[in-house]
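Worksheet: the structure to be examined is printed underneath.
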Amino acid sequence: MNIGETIRNFRLQRSMSQGDIEKRTGLLRCYLSRVENGHTIPSLDTLAKIAGAMIWPCRNSLPKATATATATRGCRSSPKMRSAS
């Protein structure tokens, strides 16, 4: 499973639309669609935004090296990202 599929599955489990993520992150729905369909790979900073919008502990879903790098960029939901909802 690639990161886009993981994002889509978690988003759907949370009953969120791409529009919900767009509102919380400022990322365009068309970009989110490209990520979910595997056409674009998000940067770690963008992944952190998406994860924060879904309040997703992405550190548990990524390979160890990527999870460590992502955690240092604030992948876990932060109070700042939670207040955006």
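Residues LEU32, LEU47, LEU27, ranked from the fewest to the most other C-beta atoms within 10 Å, line up as LEU27, LEU47, LEU32. In a reduced charge model with +1 at each Lys and Arg Cβ and -1 at each Asp and Glu Cβ, the stretch 1-41 shows a dipole moment near 100 debye about its Cα centre. Here the gap between ASP45 and THR6, fully extended at 0.36 nm per residue and compared with their Cα-Cα distance, gives a gain of 12.4 nm. The amide H of THR40, built 1.01 Å from its N in the peptide plane, has VAL35 as neighbours under 5 Å, considering only residues 5 or more places off or on other chains.
Where a number appears in this text, it was derived from the coordinates with a stated rule and is not lab data. Note that the structure is a prediction, hence the values are computed from the model and not measured. All Cβ positions, even for glycine, are placed from backbone atoms using ideal geometry, and neighbour counts span all protein chains on display.
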